[in-house]
Every structure is written in structure tokens, then in C-alpha cells.
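Right, one structure below, let's go through it.
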Amino acid sequence: MPWDRNQMAERAAKELEDGFYVNLGIGIPTLVANYIGENIDVTLQSENGMLGMGPFPYEDEIDPDLINAGKQTITELRRTSYFSSADSFGMIRGGHIDIAILGAMEVSEKGDLANWMIPGKLVKGMGGAMDLVAGVKRVVVVMDHASKSGAPKLLHECSLPLTGQQVVDMVITNLGVFKVDRGKGMTLIELAPDVSIENVKSSTQADFNIAI
Amino acid sequence: MQKIYPDAAATLEGLLFDGMTIMAGGFGLCGIPENLILALRDSGVKNLTVISNNAGVDDFGLGLLLKTRQIKKMVSSYVGENKEFERQYLSGELELEFNPQGTLAERCRAGGAGIPGFYTRTGVGTQIAEGKEHKEFNGEIYILETGLVADLSIVKAWKGDEQGNLIYRKTARNFNPMMATAGKVTVAEVEEIVPLGSFDPDNIHTPGIFVQRLIKGEHEKRIEQRTVRQRENA
């Protein structure tokens, strides 16, 4: 059985270490917060200007002045600090955030990442993604292994406009986990339960080594 | 000098002209200058270049100025929540300059601080880097980005005093402090105007030198994504 969204998030949470400052992207990465081990202490950063992000509020705690980067209402913790967008991206671009977990449309075997636009179709923007991949120490991508139409998303070269070049360190998909040596190549290091290497190969365009 | 004005229309008087550049604070709908955006709409000023992280939603925030076609160009990092924006952009009616969010924040900070340009790793190897100067520092490639200034900055703060000193609240701070520094004229709207001396000087976020005009506004504070958790039954 390939992993579902929650299981992918659970796997990604294993990349977090005690004391880490962490930025989680929108979508599956947001779910990672649900699987942080009880014996480790991590601080979540939200790039709109908050360090120490708490859980969603109870109905009577909702505060329109308190949202995360996905524009969802959230809460603060005792450790929380607030700051401007410039200070927030100073943390990100200055290399102070330990790990970013992001979604993606495509990843290349050299670690290039595309997750911000489809020319002529979808226009959303990169938000903070280009800053995160350029500045955060370690970048982990969590995404479905193939597109909804079954097209591979792990490619020799990205076909979509890049978010960053040689910036990805790990890719977690519903089929397994790849370690990426930036600029060099990727290695399959784990498989989801009952997924075979042949399953992975048949839906992957990128070349990869195997070390399971 | 009197900085406090009676209402949003009055505070924009004499500042507006067609084709001007306006910075607008806020992230999504959080910490946006709601009252000043409405006053801009009612003024009819047009061909605007608006620098703002997002473009509001279809019927609130900067989306109101898109609907009336007063905006010619947006400089933003993310516009995913606005259908009218997407329609105008894809049909070529609206110009759009995407900036990475940190680059946008830093461009405003730099502009306000008199810094004409800075180098950053953000965007290297992407479309964003095309046509920009590349320079190597300690073996890493960086691109040159320029500081931004605006004819007018409109910002939202929680509280302000008659000197224009401002304090923001929680994540409603976002782009407001940098944008307040980067306007040739900066107009702030606040939820409460407090007597001089009420603020602890150590805790002022935007010193009054950056704020020329100030109003007390009425704020709807619309929420984009109302997410909650349920209390477990006792």
C-alpha cells in the first residue's frame, strides 16, 4: 500500500530533530505538525511573521490578527514571538531555519524544484518558496509520486519554471523516500509498504540509485 | 504639525494622481488598510501600480480596486486567492511583477532605508534572475535586487498616537513596518488613537517619523481561512 497524505506527513516528521526551527509549507506539509514526536521540541516558523506557531484555535479563540502563511487562523504559544516580514525572511535567508518541508509540482534528479507556476494556466506566485529553498539549511519535499493523470513528477529536468536550482535534499512521495545529493543525483532509500522497486521505476523518469 | 485626520477621504486629499505607485501593507486580508483602500476606490484614481504581497479577494481588500480596473500593475508574491486577478492577468489586462516574498519585503526595507540595491541568493537559476546582475561572494552566486519606494504607502496598525508612532498586533504586522518607511508619504489607519505618552517608547514598532498622516478606521477584519479545532467532550 502506498502511503496516504497523513502517512507521508508522518514520515516527513521523522526528519525533525530536537531544537529545530521549522517551516512547513501549505498542503501535506502542514499535516507534519500532527506527527511531531513527543520527545522532541521544535519551533514552527510562519513566514508572515511568527515564531512558535500553535494549533488551530477553538471557535471562541479565533483572532483575525493571528494567521499562518496559508491564511488559516491559528494560536500562539508561550514561546511565541511576532515580527515583520523583513525580519521573518531575514531568518529564512540568513540560514537560521533548520528545515523547510514543502510541496512540489516537479523535482529533478539534481534537486531542482518547481512548485510555483504553470505557464498560461495557473498563476499563483511563489510566495515565500524561493526564499525558503535558497536560505533554509535543509529542504524536504513531500508530494505525490505522479500527477493525477499519472505523469511522473520526478524528472531528469523540470519542465515547469523553477523555484530553485539544486535546492532539494530529500523527496518523500506516496511510494517511498529519496535522498538527493544536490547537483549530483538521487537515491531511493525507503519504500512504502508493499511497494516494489519496479513500481517506483515505472512511475519515475528521473535516474536514481538504490540503497535500501 | 497635525497628523491626525478626520476620515480616510480627508487623509488622502492632495496625495493622489493617476499613474502613481502605492504600497499597501498586509498579508492576505490580515493587517490590510481596509479604510484607505475603500477611499482609494471612491477617489477614482487610476492607472495605479500597487506593491502589495497579495491582491485581496474578489470583494475585499485590493480586490475592490481590481474590480474597478483602477490598478494597471501589481507587484506581489502570491495572488492565488483572487479569481478576478487571475482573469485580468491571463487576458493581458493587468501587468504583474512577481517578487519572491522575502525579496519583496527586503526591497521595501531597503527602499525606505535609502539602500538602492542588495544581493540575494533567492531566485538564482529561476525566471526571477533573468536580466539581473549576478555576482559571486565566497563561492556562491547572488543576484542584484533593487530597493523600492512609493509615491504613497498605506498601512494598518493596531494603535497610533498623535506623533504617528505605531504598534502592530500579532501577525497583522507583516509588511506594514517596511512599507511605512518606503512611502514618500505614508498614511496609517489604526484601530485606536491613544494619548501621547501611552506607549512604552521601548515598544514602538514604527517611529512617527515615517508616518505623515493618521486616521482611526473601522475594521471588518475579514478572515480568509477560518480553521478551528473541536473541544473534546468532557
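All of the numbers you see were taken from the coordinates with simple rules; none came from a lab. Keep in mind it's a predicted model, so treat the numbers as computed, not measured. Note that each Cβ is placed from the backbone with ideal geometry, even for glycine, and that neighbours are counted across all protein chains shown.
For the protein assembly as shown, the alpha-carbon radius of gyration amounts to 1.00 times the rule-of-thumb value 2.2 N^0.38 Å expected for a compact globular protein.
Rounded to the nearest 20, the Cβ-based charge dipole of the range A:5-210 about its Cα centre (Lys and Arg +1, Asp and Glu -1) stands at 660 debye.
Listed values for the range A:167-182 are Karplus-derived 3J(HN,Hα) couplings in whole Hz (6.51 cos²θ - 1.76 cosθ + 1.60, θ = phi - 60°), namely 10, 9, 9, 7, 10, 10, 10, 5, 9, x, 10, 10, 8, 10, 9, 3, and x replaces Gly and Pro. Rg and Dmax of the range A:5-210, based on Cα coordinates, read 17.0, 52 Å.
From least to most packed, judged by other beta carbons within 10 angstrom and beginning with the fewest, A:203, A:108 follow the order A:203, A:108.
In order along the range A:3-20, the Karplus-derived 3J(HN,Hα) couplings, from 6.51 cos²θ - 1.76 cosθ + 1.60 at θ = phi - 60°, round to 5, 8, 4, 5, 5, 5, 5, 4, 5, 4, 4, 5, 7, 7, 10, 4, x, 5 Hz, and Gly and Pro are given as x. Build a GNM of chain A with springs between Cα atoms under 10 Å apart, and of A:66, A:122, A:160 the one that fluctuates most is A:122. Sites count as exposed loop sites when they are GluC sites (Glu not before Pro), lie in a DSSP loop, and have at most 14 other Cβ atoms within 10 angstrom; the longest stretch of chain A without one is A:39-156. Of the cross-linked pairs A:179/B:83; A:137/B:159; B:46/B:83; B:73/B:132; A:137/B:156, those separated by over 26 Å at the C-alpha level are A:179/B:83; A:137/B:159; A:137/B:156. If you run the Gaussian network model on chain A, springs between alpha carbon atoms under 10 Å, then out of A:173, A:187, A:80 the most flexible one is A:80.
By DSSP, the beta bridges lying fully in the protein assembly as shown are antiparallel in about 40 percent of cases.
DSSP beta bridges confined to the range A:5-210 are antiparallel in about 55 percent of cases.
Across the range A:1-91, the mean sequence separation of Cα contacts (distance under 8 Å, 6 or more residues apart), normalised by length, yields a relative contact order of 24 percent. Of all DSSP-defined beta bridges confined to chain B, some 30% are antiparallel rather than parallel. For the range B:148-234, the Kirkwood hydrodynamic radius from C-alpha pairs, put into Stokes-Einstein at 10 °C and a viscosity of 1.306 mPa s, yields a diffusion coefficient of 113 µm² per second. Normalised by 2.2 N^0.38 Å, with N the number of residues, the alpha-carbon radius of gyration of chain B equals 1.05. Anisotropy class assigned to the range A:80-130 is oblate, per the alpha carbon gyration tensor with a/c at or over the 1.5 cut-off and a/b no larger than b/c. Relative protection proxy for B:208-216, B:140-148, B:25-33, from highest mean packing down: B:25-33, B:208-216, B:140-148 (other beta-carbon atoms within 10 angstrom). What does the C-alpha gyration tensor say about the overall shape of the range B:67-179? Classify as rounded when a/c is under 1.5, otherwise prolate if a/b is larger than b/c, or oblate. Because a/c hits 1.5 or more and a/b fails to exceed b/c, the range B:67-179 counts as oblate. Applied to the range A:139-155, the Karplus parametrisation 6.51 cos²θ - 1.76 cosθ + 1.60 on θ = phi - 60° returns per-residue 3J(HN,Hα) values of 10, 10, 9, 10, 7, 5, 5, 10, 6, 4, 7, x, 6, x, 10, 9, 10 Hz, with x for Gly and Pro.
Can you find, among B:30, B:223, B:79, the residue farthest towards the positive end of the dipole of the protein assembly as shown? Put +1 on the C-beta of Lys and Arg, -1 on that of Asp and Glu. It is B:79, whose Cα lies furthest towards the positive end.
Taking chain B as a Gaussian network of alpha-carbon nodes connected by springs under 10 Å, the highest mean-square fluctuation of the residues B:138, B:47, B:203 belongs to B:138. For the peptide A:56-64, the mean number of other protein chain Cβ atoms found within 10 angstrom of a residue's Cβ is 5.
Rounded to the nearest 20 debye, the dipole magnitude of the protein assembly as shown is 640 debye, with +1 charges on Lys and Arg beta carbons, -1 on Asp and Glu beta carbons, and the Cα centre as origin.
For chain B, the relative contact order comes to 23 percent (Cα pairs under 8 Å, sequence separation of at least 6).
Computed per residue of the protein assembly as shown from DSSP H runs no shorter than four, each worth -39500 (n - 2.57), the mean residue ellipticity at 222 nm is -4500 deg cm²/dmol. Loop-located trypsin sites (Lys or Arg not before Pro) across the range A:112-212 with a Cβ neighbour count of 13 or fewer within 10 Å are A:121, A:137, A:148, A:184, with loop assigned by DSSP. Summary value for the range A:50-184: 24 percent relative contact order, contacts being C-alpha pairs under 8 angstrom separated by 6+ residues.
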